[in-house]
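To start, the structure itself, in structure tokens.
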Amino acid sequence: MFFPAYNDAPSLPGLIKKTFSVLSNAADDFEVIVVNDGSYDDTAAVLQNLQQEHGPRLRVITHPHNRGYGGALRSGFAAVRNELVFYTDGDGQYDVGELPLLLEKMEPSVGLVNGFKLERSDPWHRIWIGKVYNACARFLFRIHIRDIDCDFRLIRRELLERIHLTSTSGTICVELVRTLELSKFQVVEVGVHHYPRLHGRSQFFRIRSLLVTLVQLIRLYVRLVILA
């Protein structure tokens, strides 16, 4: 189980505490990884304290400089060692307590269990932009799951070892899901709850981030659809 984290110091203590509680009841063999993606708040100090509390089962990967959401996910995927890989964001907008809902659906024929937001708890403009982005991405990339940007996913590690992800922005979700849907394994969806952001702000809805996302979407479309 891993979390990409960027300036998420306030949310991490509660998130990690609940994560260990959930995993202790759900699995005999597990580890928790946090990818500190160049945070400039107290994230590093918070993670150091949490490592002292939870021991070697909590690993921290530190990027000296921010590599973007896609870069953080790629580091997490490269570091995992267990058969099943779950990730969600470090800001606490999803409830890790709902992980067992995904584990129930992970059968031998399933490669991805993908959450979808039952209701999005964000400002109206983010909800509207998210719906437009999701609809366009699903249409252009011929993706079947209903909620591409729901970062609450359980994946077989063997599938991650077969693919080469290139995105550094949020477009990695499109790249990841599109690639996994083309595998021989089934994709299953589970409804999960989404909660308001209590700390910090989204890094996606900024001019630079939107431009990077647009450029990478175009490149992905050429590689995954036109040239496929």
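Computed from the coordinates by the stated procedures, all read-outs in this text should not be read as laboratory data. Keep in mind it's a predicted model, so treat the numbers as computed, not measured. Counting neighbours? That spans all protein chains shown, and the Cβs are built from the backbone with ideal geometry, glycine included.
Scanning residues 5 or more positions from Ala9 or on other chains, those with amide H under 5 Å from its amide H are Asp42, Thr43, with H placed 1.01 Å from N in the peptide plane. Determine the sum of side-chain charges near Lys105: Lys and Arg each +1, Asp and Glu each -1, restricted to other residues whose C-beta is under 13 angstrom from that of Lys105. Once all neighbours under 13 Å are counted, the net charge is -2. The value of relative contact order for the chain, using C-alpha pairs under 8 Å at least six residues apart, is 24 percent.
Net charge of the neighbourhood of Ala9, taken over other residues with C-beta under 12 Å away and scored Lys/Arg +1, Asp/Glu -1, is -4. Count Lys and Arg as plus one, Asp and Glu as minus one, and take only other residues whose Cβ is under 13 Å from that of Ala72; the net charge is then -3. The loop-placed chymotrypsin sites (Phe, Trp or Tyr not before Pro) in the stretch 122-228, going by DSSP, that have at most 14 neighbouring Cβ atoms within 10 Å of their Cβ come out as Phe205.
The sum of -39500 (n - 2.57) across all DSSP H runs of n ≥ 4, divided by the residue count of the chain, sets its helix-only mean residue ellipticity at 222 nm to -12000 deg cm²/dmol. The alpha carbon centroids of the stretch 144-158 and the stretch 102-124 are separated by 6 Å.
3J(HN,Hα) along the stretch 98-112, derived from phi through the Karplus expression 6.51 cos²θ - 1.76 cosθ + 1.60 where θ = phi - 60°, amounts to 8, 3, x, 4, 6, 4, 4, 8, 7, 9, x, 8, 9, x, 9 Hz, with x in place of Gly and Pro. Around the Cα centre of the stretch 2-226, unit charges on the Cβ atoms of Lys, Arg, Asp and Glu (plus for the first two, minus for the last two) sum to a dipole of about 860 debye. Sites listed here are trypsin sites (Lys or Arg not before Pro) in the stretch 58-166 whose DSSP assignment is loop and whose Cβ has at most 14 other Cβ atoms within 10 Å: Arg81, Arg142, Arg146, Arg162. Against the set [x] 0.96; [y] 1.01; [z] 1.49, the structure's computed Cα Rg over 2.2 N^0.38 Å falls on [x]. Here the chain carries DSSP beta bridges of which approximately 35% are antiparallel, counting only pairs with both residues inside. In this simple spin-label model, placing a label point 7 Å from the Cα along the Cα-to-Cβ direction at both Val132 and Ala44 gives a separation of 3.9 nm. For Glu189, the residues whose modelled amide H falls within less than 5 Å of its own, excluding neighbours fewer than 5 places apart on the same chain, are Asn114.
With loop membership from DSSP and a limit of 13 other Cβ atoms within 10 Å, the longest segment of the chain without GluC sites (Glu not before Pro) is 1-82.
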